[in-house]
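A short write-up of the structure that comes next.
The values are calculated or read from the model by the stated rules, or taken from the named source; none is laboratory data. Just so it is clear, the structure is predicted and the values come from calculations on it, not from any experiment. Backbone-built Cβ (ideal geometry, glycine too); neighbour counts: all protein chains shown.
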Amino acid sequence: MRAAVLGTGAWGTTFAAVLADAGCDVAIWGRSAAVCAQITNEHRNEARLPGIDLPAGVWASTDAARVLADVDLVAIAIPSQSARATLESMRDLIPARAVAVSLMKGVELSTDQRMSQVVAEALGLPADRIAVISGPNLAREIAERQPTATVVASTSEETAQLVASACSSGTFRPYTNHDVVGVELCGAVKNIIAVAVGIAQGRGLGYNTMATIITRGLVEITRLGLALGADAETFPGLAGMGDLMATCASPLSRNHSLGVRIGQGMTLEEAIAATGGTAEGVKTSRSVRELAESVGVEMPITAAVVRVLHEGLPVDELAPLLLARPVKAEGI
């Protein structure tokens, strides 16, 4: 199978290696000629995956037409808020038979659309030619070939199976799922919860607080998902609790790391610069809050993160704000 990956960030580069390990011929598109040259000539991406050797067959180019020529699969790993414009510029380059795989974890500002919806509109593809991948997928660990599992979701079982086969290897185990809505919402909202956990840890709070935010964060994800028609079984699985645990607990998570820096007193701009790469939870927090409000779902952790990041709420007021809520029974 011939595969293209759009994006030379840590996750895009890592997924290219996953595809190559699974037997695909892989090319990567990126904006930086220097990064593309290093991937092709040195089999490294030192800017995003320092010290990691990439499979020898993986190459990269800034020429989208060359990268996308005659491919069977297009994996998309670009920042969610710039995805639409980037993909629209490539719409006519996608082969008629190719399937698109969203590796992105966000909700688009202004439209509140999930990434699979953005991909469908931007590339003009039907839902049955689109899949999404989400799970406990910290790029660095996967690039080091540490064992992990993930979820491939599509409305088409055939598409889900094709994508799963294309990325299955001895260290990367995909499971298929039909619940595109639930899998995507898990991937988007867990980044916001990870920011909240990071802020709490940056203030010196411990594991009780972390466990509380993670557990109640899963409730928020589940509430929103069920309101939008997702399958309840998705949320305690790999795409839900699995990804939430990894993202909230690991210093490899950019969203968690950004939250820690905010908690330690940095401004949002300083934290973004210090973290490097894209922390999707920053912008997605606002679009998820809007989406929740549009369907009448209460998401207090998400709302509090928006207030800290974008509306000037002091970080020391985050925990009291969450704990000052009315006493009620636990549950969804």
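Please specify each residue of segment 309-320 satisfying the condition of being surrounded by 10 or more Cβ atoms within 10 Å (Cβ to Cβ) and either over 23 Å from Glu269 (Cβ atoms) or not assigned by TED's automatic domain parsing to the domain that holds Asn191 (or both).
Ala319, the sole residue that qualifies.
Look at Leu268 and say whether it is over 14 Å from Val107 (Cβ atoms), in contact with a Leu (Cβ under 7 Å, 6 or more places away or on another chain) and surrounded by 13 or more Cβ atoms within 10 Å (Cβ to Cβ).
When the stated conditions are applied, Leu268 passes them.
Out of (1) closer than 20 Å to Asp72 by Cα; (2) over 17 Å from the mean Cα position of the chain (by Cα), what's the single condition that is false for Ile130?
(2)
Go through segment 87-103 and give me each residue that's crowded, with 22+ Cβ neighbours inside 10 Å and either among the acidic types (Asp, Glu) or touching a strand residue (DSSP E or B) at 6+ places or on another chain (Cβ under 6 Å) (or both).
Val99, Ala100, Val101, Ser102, Leu103
From Val327, Val297, which residue is closer than 16 Å to Ile221 by Cβ and part of a loop (DSSP other than H, G, I, E, B)?
Going through Val327, Val297 in turn, the sole match is Val297.
What are the pairs, 6+ residues apart or on separate chains, where a residue within segment 249-273 that is part of a helix (DSSP H, G or I) has its Cβ under 6 Å from a residue that is among the basic types (Lys, Arg)?
Note: pairs meeting the criteria are Gly263/Arg203; Ala271/Arg261.
Name the residues in segment 290-309 that are over 14 Å from Ile199 (Cα atoms) and not small (Gly, Ala, Ser), would you?
Hits for segment 290-309 are Glu290, Leu291, Glu293, Val295, Val297, Glu298, Met299, Pro300.
Among residues belonging to segment 61-93 that are part of a loop (DSSP other than H, G, I, E, B) and in contact with a Gly (Cβ under 9 Å, 6 or more places away or on another chain), point out the one that is farthest from Gly225 (Cα to Cα).
Across segment 61-93, the extreme among qualifying residues is Thr62.
Please enumerate the residues belonging to segment 275-332 that are at positive phi and within 18 Å of the chain's Cα centre (by Cα).
Matches in segment 275-332: Gly276, Gly277.
Kindly indicate the residue of segment 67-86 that is without any contact (Cβ under 8 Å) to a residue 60 or more places away in the chain and surrounded by 16 or more Cβ atoms within 10 Å (Cβ to Cβ) and also farthest from Ile39 (Cα to Cα) among those meeting that condition.
Arg84
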